[in-house]
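Worksheet: the structure to be examined is printed underneath.
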Amino acid sequence: VNWDPVDQTVLANEQVIDGRGWRSDAPVERRKLAQWFFRITAYAEDLLQSLENDLERWPAKVRLMQENWIGKSRGAFIDFAIEGRSKNSPEKLRVFTTRPDTLDGATFLALSPHHPLATELAASDPKLTAFIAECDRVGTSEAAIELAEKKGYRTTLAGKHPYLPTGLPVFVANFVLMDYGTGAIFGVPSGDQRDLDFARKYELPVIETYRPLDSRDPTPDEIERYQAKFDENPVVSIGNGTKRESLFHIARTAFVDKSDTQKVRYTAAGFMKEREVTPIVAIEKAIEWLEKNGHGEGTIQYRLRDWGVSRQRYWGCPIPVIHCEACGIVPVPMDQLPVELPEDVTFDKPGNPLDHHPTWKHVACPTCGGNARRETDTFDTFMESSWYFARFCSPRAPTPTERSDVDYWLPVDQYVGGVEHAVLHLLYARFYTRAMRAGGHVAVDEPFEGLFTQGMVCHETYRDEAGNWLLPQEIERTGEQAVTIDGNRPVEIGRSEKMSKSRKNVVDPANIIEVYGADTARWFMLSDSPPERDLEWTESGVEGAWRFLQRVWRMVDDAADALPPANRDGVGAAMPADLSAAATELRRATHKTIKGVSEDIARFHFNKAVARIHELVNRLQAENSSDAGIHHARREALESLTLLIQPMVPHLAEELWSRLGHQTLLAADVAWPVAEAALTIDEAVTIAVQVNGKLRATIELPRDTASNEAEAAALADPAVQRAMEGKAARKVIVVPNRIVNVVV
RNA sequence: GCCCCUGUGGCGGAAUUGGUAGACGCGGCAGACUCAAAAUCUGUUGCUCGCAAGGGCGUGGGAGUUCGAGUCUCCCCGGGGGCACCA
């Protein structure tokens, strides 16, 4: 773990900045601590499989992020015989590799500084002890790793290659991780850039294992030039004990290719007869050979690590465990749960207040009654969010869940959240649900059937000449420039970013609601951009939304008195049988809008739904017919409009409903409108006519006009004839109700 | 470094999934109303040549497939995100 020696607490990777604690600025150490973990790795395969099979309504991006995070790798354990070891160390060193096919090129072995063998060697080697301590001082942050040099310490041990005479010196190396694979690796400089860099540094040979099929052998001239360049670190190639020529193409760049389609040529490959195969095939051949000859076995490794849930914090749920000298670790008995936090804690010194508390941690052992110590670590904050949805189904139940309730409600039909939880909350909750299933608390595997990841709200950033961040209301914009409101100091306009308190690019919803009302704020947010994308908050955009809502109100208010009486039961009045053409056209517009908006909302395309509503309003305002039927059609249109905007602007919609003469409550009493199918289809269609793929005319035809008639109509169009320049049509493509393309 | 997404007017974004590119909104321009302004309304608004009629060009760049490409394929460039001593 990352340990902050000043604050005396574990830090998450995100809280380590340039190798130092984010608050204390002290160099972070790596420390081995007794911590509680949840064995999420036991579900690695299950979690991975369900990503593909059970989460169709999750965004592909989130599924991919989880897939990468779980990080499944097919590979092999290889056991190398070790020479020069002490009597009680194991005979063989086991390494993990995803590329057993490159075994020919192995020229060294490397251990993690925390590998048991390294620890053992360090006991009698002060220099190695110092080297390991140095490795520990380097933080685990990205920046620290970037800066850290790849360093190795050459031990007196040597590994034996399974079938080649190559000697394999054993290093302890700072870049080998203890918690992935076996904590030991074999190095293949020709097939891995990092191994190549390492080989250069410690003057290890580079042995080719495979090369592109189309590569040729180097000419003597090239070898000479190559040798001149790298004479201090010669590249040699040995296959089956026979000396080969130097390999210029791996001089500086390792050849790393793991294609499952592209074959490569293996230059030696003692584990198979074939020479030209894909690496994927070669990997399986190598595993076969290892297993048959007792040098190792095929395996699958995951990058996913167990979930460390211990926190040295006061604000958390105490981990319900008691440590007893005599009985070991004892769970707190059911009847003593929940363990409650003491309220008389102090925060006057660094570290965990629960640990400092004079009495809280001293308890009797539930098993033997002797003196025992309560666990003072608390659970990670992600614990609670991992199962709240199950608890919410029956919040007052005496048990964690009530099966009849969770069976009824779960899984969650539609979950909405930010993508930043892709490999935090969303992964933990999936794991936790599986654990709850195993414990009989729920019956489902997956907590969230559908997932929608919405974007962030963004705003421009502003700073004064001193570099201080300014709130949007502290500045005044004029075109491209901006000045402070008070002192007319110049303001630098920065790029738009996710709203945050630290950058002050926030807009207080209370102000917006005060000036424009909540309906306007909602309407703008929904209309501006698709919800999965970031939203750029702009004053002018809000103004526009506000203007539109004013327009809708005026339109309904002006029209209401001339309409036929409202239908007490709901939408619309009975339509007269002999509707005018204009009225029918208006009805079509209404019903097409109902259909479109309903579909858009179901697909989360709120901005498109808003656009359609705009179109209907524009259409209604342009309507200037005055026959009797139009008033019926208008009532239907206005009431439908009111219903369609209700989910987005509920206050306005309720007012409109009332103004339209209704006594009922729109939100509670009135059903969502249903489009009449016959009215959602136009009788005439506009068909585009192309000549050689270029648009030359559009023609109006009745819907479903026969292809030969559409063709004739297209060819008769003067603009089309002009474009054809008197030539005969060689070919005419007709797509019904859509397009006619004339090829001349 | 590896993996993924993305690129459309001045801006946010549409485009029935291979069939009229730019819906709708913001912004701009012109006009009406007004003593004037605000508000509102009308028209116009991809670029370009043209008095006009009418052309030409156009979805980051280049090639390809197709009667037809924003949409499909390949290469390149830009932007964003995820992972990262993972052997």
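The values are calculated or read from the model by the stated rules, or taken from the named source; none is laboratory data. Just so we're clear, the structure is a prediction, and the values are computed from it rather than from any experiment. Backbone-built Cβ (ideal geometry, glycine too); neighbour counts: all protein chains shown.
Of note:
- Region A:521-542: number of residues that are away from RNA strand B (no atom under 12 Å from the Cβ) and over 21 Å from A:Arg603 (Cα atoms): 1
- Within region A:598-607, considering residues that are touching a residue at least 24 places away in the same chain (Cβ under 8 Å) and within 12 Å of RNA strand B (Cβ to nearest atom), the one nearest to the chain's Cα centre (by Cα): A:Phe604
- One residue alone among A:Gly270, A:Gly316, A:Gly296 is surrounded by 16 or more Cβ atoms within 10 Å (Cβ to Cβ), touching a Leu at 6+ places or on another chain (Cβ under 6 Å) and not hydroxyl-bearing (Ser, Thr, Tyr), and that residue is A:Gly296.
- Residues of region A:125-153 satisfying the condition of being at pLDDT 90 or above and more than 14 Å from RNA strand B (Cβ to nearest atom): A:Asp125, A:Pro126, A:Lys127, A:Leu128, A:Thr129, A:Ala130
- Selection within region A:720-735 - in a loop (DSSP other than H, G, I, E, B) and more than 10 Å from RNA strand B (Cβ to nearest atom): A:Glu725, A:Gly726, A:Lys727, A:Ala728, A:Ala729
- Within region A:533-559, residues that are within 27 Å of A:Gln473 (Cα to Cα) and at pLDDT 85 or above have Cβ atoms under 8 Å from residues that are small (Gly, Ala, Ser) and near RNA strand B (Cβ under 10 Å from one of its atoms) in these pairs: A:Arg533/A:Gly455; A:Ala545/A:Ser527, counting only partners at least 6 apart in sequence or on another chain.
- Conditions (1) closer than 23 Å to A:Trp523 by Cβ; (2) touching a helix residue (DSSP H, G or I) at 6+ places or on another chain (Cβ under 6 Å); (3) of a type outside the set (Val, Ile, Thr): number failed by A:Ser658: (2)
- Among the residues examined, A:Asp578 does not qualify as of a type outside the set (A, V, I, L, M, F, W, C) and part of a helix (DSSP H, G or I).
- Among the residues of region A:29-43, just one is aromatic (Phe, Trp, Tyr) and assigned to a loop (DSSP other than H, G, I, E, B), namely A:Trp36.
- Verdict on A:Trp387 being within 30 Å of A:Gly455 (Cβ to Cβ) and surrounded by fewer than 18 Cβ atoms within 10 Å (Cβ to Cβ): no
- Top-ranked residue in region A:665-697 [being polar (S, T, N, Q) and surrounded by 15 or more Cβ atoms within 10 Å (Cβ to Cβ); ranked as farthest from A:Ala729 (Cα to Cα)]: A:Thr680
- Filtered residues of region A:620-645 (kept if buried (at least 17 other Cβ atoms within 10 Å of the Cβ) and either of a type in the set (Gly, Ala, Ser) or near RNA strand B (Cβ under 10 Å from one of its atoms) (or both)): A:Gly629, A:Ala633, A:Ala637, A:Ser640
- Test result for A:Glu514, among the acidic types (Asp, Glu), modelled with pLDDT under 90 and more than 14 Å from RNA strand B (Cβ to nearest atom): yes
- Scanning region A:689-702 for residues that are within 6 Å of RNA strand B (Cβ to nearest atom) and either over 16 Å from A:Gln721 (Cβ atoms) or among the hydroxyl-bearing types (Ser, Thr, Tyr) (or both) gives A:Gly693, A:Thr698.
- Within region A:394-434, the set of residues being outside any loop (DSSP other than H, G, I, E, B), in contact (Cβ under 8 Å) with a residue 12 or more places away in the chain and under 29 Å from A:Cys458 (Cα atoms) comprises A:Val412, A:Asp413, A:Gln414, A:Tyr415, A:Val416, A:Gly417, A:Val419, A:His425, A:Leu426, A:Leu427, A:Tyr428, A:Ala429.
- Subset of region A:372-393 [assigned to a loop (DSSP other than H, G, I, E, B) and in contact with an Asp or Glu (Cβ under 9 Å, 6 or more places away or on another chain)]: A:Thr376, A:Asp377, A:Cys393
- A:Arg533 being closer than 30 Å to A:Val419 by Cβ and among the basic types (Lys, Arg): yes
- Scope region A:171-191; condition near RNA strand B (Cβ under 7 Å from one of its atoms) and touching a Pro at 6+ places or on another chain (Cβ under 7 Å); matching residues: A:Asn174
- All positions within region A:353-405 that are among the small types (Gly, Ala, Ser) and under 19 Å from A:Trp36 (Cβ atoms): A:Ala372, A:Ser385, A:Ser386
- Residues satisfying the stated conditions in region A:720-744, i.e. of a type in the set (A, V, I, L, M), at pLDDT 90 or above and surrounded by fewer than 17 Cβ atoms within 10 Å (Cβ to Cβ): A:Ile733, A:Val735, A:Ile739, A:Val743
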